[in-house]
Amino acid sequence: MVRVVDYDSRRKAILSAAINKYIKEALPVASENLVHDFDLSSATIRNIFAELEEDGYLRHPYTSGGRIPTNKGYRYYVDFLISQMPACRPGRELLDEEKERITREYKREIRQLEDALERTSRLISSITHYAGIVSLLEWQDKFFYQGVSHILEQPEFQNLEKTRFIIRLLEEKQNLLSIINRDFDEKVKVYIGGELGDDAMEDCSLVVSSYRSKNKKAGRLAVLGPARMEYRRIIPTLDYISQLLSEALDDF
């Protein structure tokens, strides 16, 4: 019996597995690391890695024999791989207990708009373990943010210069607000590396969602973190929080 091999699907599965592993462990992924996930030899996976590197989805750090994703690889992962894999479909990575925790937060009384937005930034940061940002479109120079320490704990930002840049980015606000407040059609918009418009943010990603209440209060929620971000958790989480914040502000 002739065995039919879908090479394209195999390449996608290996790219997805490599990115998932790197997101989790922050260590270059070698072909040997994926042998147990696929019925393939280490040499075959290594050849596929070489193809993916040639196409710009993976790169080879000088200090290691393994590969790490490029920003092009992360973009392909966000745009195509997450939605194609059953275990990674939007919503599947938001746990029931996390949904209950978010729901409880918005059942609490809202006395002032500022309190609700600050509470939301804290909630986003607490659940995602990155920086949570909340803006109101009618405010030109103000947003709430929590969780800078979560970003600075990431290995990508151990460099002092990068640490200073992240802190300055949040404190000066205008550059970040100009990105967060861009128009977009998607429920959740993901900006990766160079898409943020600043070379200094090459190692960063920003995930943004909109909220809008019946009384026309509108703004953006965002998660700022490394390009090595847990997108399959962050995207459904931000979408869910946006829905509940919009509902909570309807009667405010």
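Laboratory data are not the source of any read-out in this text; all were calculated from the coordinates shown. These numbers come from a predicted model, not from an experiment. Don't worry about glycine lacking a Cβ; one is built from the backbone with ideal geometry, like all the others, and counts go over all protein chains shown.
Which shape class, rounded, prolate or oblate, goes with the range 7-88 when its Cα gyration tensor gives a ≥ b ≥ c as root eigenvalues, a/c under 1.5 marks rounded, and past that a/b bigger than b/c marks prolate?
The shape class here is rounded.
Please report the net charge: other residues with Cβ closer than 14 Å to the Cβ of P155, K and R +1, D and E -1.
So the environment of P155 carries a net charge of -1.
Using Cα atoms only, what is the angle between the long axis of helix 231-249 and the major principal axis of the chain, expressed in degrees (0 to 90) to the nearest 10?
Taking the Cα atoms of the chain, the angle to 231-249 is about 20 degrees.
Take every Cα pair under 8 Å in the chain that's 6+ residues apart, average their separations, divide by the length, and report that relative contact order as a whole percent.
On the way: 358 pairs, mean separation 44.4, N = 252.
Value for the chain: 18 percent.
Would you please classify the overall shape of the chain from the alpha carbon gyration tensor, given that a ≥ b ≥ c denote the square roots of the eigenvalues, rounded means a/c under 1.5, and beyond that prolate means a/b larger than b/c while oblate covers the rest?
Taking the square roots of the gyration eigenvalues as a ≥ b ≥ c, the chain is prolate.
How much length, in nm to one decimal, is gained on full extension between N47 and E32, taken as 0.36 nm per residue of separation minus their Cα-Cα distance? Numbers along the way, then the final one.
Numbers: separation 15, 0.36 × 15 = 5.40 nm, distance 1.21 nm.
Length gained, N47 through E32: 4.2 nm.
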